1. Based only on other Cβ atoms within 10 Å, what is the fewest-to-most ordering of Leu585, Leu314?
2. Viscosity 0.692 mPa s, temperature 37 °C: Stokes-Einstein D of region 17-108 from its Kirkwood Cα radius, in µm² per second?
3. Viscosity 1.002 mPa s, temperature 20 °C: Stokes-Einstein D of region 62-128 from its Kirkwood Cα radius, in µm² per second?
4. In what sequence, highest mean first, do 380-389, 782-791 appear when ranked by Cβ atoms within 10 angstrom?
5. What is the Cα centroid distance between region 307-334 and region 235-268, reported in whole angstrom?
6. Quick one: check the C-alpha center-to-center distance for region 100-132 versus region 139-197, whole angstrom.
7. How much mean residue ellipticity at 222 nm does the chain get from its helices, if each DSSP H run of length 4 or more adds -39500 (n - 2.57) and you divide by all residues, to the nearest 500 deg cm²/dmol?
8. If the chain between Ala762 and Asn350 were fully stretched, how many nm would it gain, using 0.36 nm times the residue separation less the Cα-Cα distance?
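All of the numbers you see were taken from the coordinates with simple rules; none came from a lab. These numbers were taken from a predicted model, which means no experiment stands behind them. Cβ: placed from backbone, ideal geometry, glycine included. Neighbour counts: every protein chain shown.
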Amino acid sequence: MREMAYKMTSRLALFFLVLTAAHAESGATLSGTVKDPQGRGVPNAALTLVSRTGSSENAATSDASGGYRFRSLPEGNYIVTVEASGFAPVLVDDVHLGAGLAETRDIVLKVAGVREEVVVTASSTPQTPAEVSKAVTVIDQADAEARDNSALSDVVDLAPGVRVQQLGGPGAFTTIQIRGLRDEDTALLVDGLRLRDASATQADASGLIEDLLFTDAARVEVMRGSGSSLYGTNAIGGIINVITDEGGGRTRGSILLEGGSLDAFRGRAKVAGDWAGGRIQYSFGVAQTEVTSGLGGDQPFRDTNAQGRITFHLSPKMQLVARIFAGNSFGKIYGDPDVIGTATGFGIVNASANGPNATFLAAPDDPDSTRAARFLTGALILTGQPAAKLDYSISYQAEANSRRYGNGPAGAGPYQPDSSTRSLYDGRIQTVNAHLNYHLGQTNLFTAGYEFESENYANDNGQQFEPEASSGVNVTQLSHTVFAQDQARFFNDQLQISGAVRAQFFSLDTPIFTPAASAPYQITAFPAPPAAYTGDGSIAYFFRKSATKVRAHVGRGYRAPSLFERFGAGFDPVYGYSVYGDPRLTPEHSIGADAGLDRMFLGGKLKASATYFYTSLQNVINFDTSGLINPATDPWGRYVGYLNTRGGISRGAEASAAVAPTRSLNITAAYTYINAIERTPIVSDVLRTFVVPRNQFSFLATERATSRLLLTVDSRQSSDYLAPVYGSLITQVYRFDGIHKINLGASYRLPLSEFQAVRFFARAENIFNQTYFESGYPTPGRTAMGGMQFDF
């Protein structure tokens, strides 16, 4: 079956290659001048030209007189974005190029205003902010650089509805939750393709988050609300899409070096440009984080990432993109927090780790507990336009993940002293995706496609010096997916309506267990999960006179059960197998809806948004420790393990605003209220969902004090939340204080020539030295970093 899918895709690609080559032509041209408000040319402006179907993307930089030129372009409709230092970004959304014709378009930059970005996450094809019918936040490279963000989790931390939790200092386990849902309900994408770890407990991206550095990304798009109909499993709460820098234009780059608290060092080098008259565009970056002491002086961490892409414009109607993203990390990890003595009482206990009234023991230092991880994902994407109304995309992505945990007898905590253990997790995912875009008219775009995925999970656990105590499992699952989407625009593009459907079908290879003689599930038929069906609909209407958009979105989400949830097991030479998984698990399902209002004021200097959201998790997978599993009736005699349960509800409201009151000052703020509850209590009689604060507030202000000096202040505030600790999993849950952090930054850019400059910067975080614990894990107090960056 797998070979047949590969052969079919190869033949389809060959067909399109021949078809497109037959229609090759010189292509259209777009040129002009980038000007300031006084009409003077602006040099070194970065321009991006994106086709409305996503089949073509080009980049350029303006020359010394502000001139720019895009060559060899296919016929179609395009969006142009322009950015230059000291000016607000400009978006031009009405560019139409005829076959083989030359178009001239001068672009005038604005001195101040709210950022506008092309969005590709919400509908899988590029859209302007006025057209988007879903709740989306875009954080670009300039935003991340202003806050000196080195990790992906830092980049998205201030977005509305987003909750980032890091269980310790740099390199500690990190999760991203959206709208009060679980971390496995957030789908992570790179250039629109899923990135997840097949060997993770929920087969999501949560095992990768702490290792992802902001290396060579142009921007990150955060879409809130169900996206399963477009992007498949795990997109119940929302999507984070990392867009790799497309390169193009003159050869340019940067080198960054910085250091500071926790004996931390960071370096990054980037280069981008084009060759052969723009027919080849490239970008590449490498980043390194090294923490020699870390939190408490004994939590070292190192992490290296490489990211890049190269685009070959094979003809005006065809391009081939090769993309890579890889990382290698190693660090020490904390033990688990624990109750003091024996858990007593029921319900909610105020968390305190200090003084005579302490109620829990904070996560202890474990001097011989380590984590080593690697990930590698690469993709080939072929896009083309065989006819004016028809274009296609064929992609192949391969992803490999490897995590190694080691733990010796030293240290404190509930599992210590312990013999030396090691756990090995490996995951492999290969995905082939093909889709067609067909213009039913000037305002109607229909998309249909097919996806094949092969997912492999391998695990080996045991004692380092007792091979007979080890256990392993290796299992592969295949899936076939068909999907379709229709996007329509009416009333001179003021009304946007879209709908999508998706169906995914699974098949399963026979799992391999070791030791095989006593392997579990031997009398089980190993059923494949039932098919997953999802649907999605959204609508938006833009009132041009008042610059107001009203929007609504409803979607059915799903998450396929992971291979660990279905076949997870441990082995002991005395007691034999302990079975946790259940091969009978069915996919999780949800219904999510939101409605919102976006409005621009003051001639584009103020943008305000408000959204109400509601998500119902109708069928979920939980790890049960409360006695729902009866060993007398369970087919594998389990006392604890995974099972399908009733789920819960998360509802609330988001409000955000972005304002540019002066040409030098930009302010963004967001508030989120979340009321998330479970239908079945997990601990005692508590229904409130764990690790979800009811109230969250974020704030960011950037002041360009002079043409060279940039100042920033940002803050994250949240109310308390509930979380269990080890030893209280059945009777008690703890109420932890929320985050109250304020951070300051400054950057000074010294020009050396027309294109060269040195930037000096410093940033201080948690300036009031708040002491708080994330679910019982200590976090850094006041820290500071500083360094320099050379741009060329």
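1. Starting with the residue having the fewest Cβ neighbours, the order is Leu314, Leu585.
2. Using the Kirkwood radius from Cα pairs, D works out to 239 µm²/s.
3. D, rounded to a whole number, is 157 µm²/s.
4. Details: 380-389: 19.2, 782-791: 16.9.
The most tightly packed comes first, giving 380-389, 782-791.
5. That distance is 13 Å.
6. 25 Å
7. Roughly -1500 deg cm²/dmol at 222 nm, from the helical runs in the chain.
8. 144.6 nm
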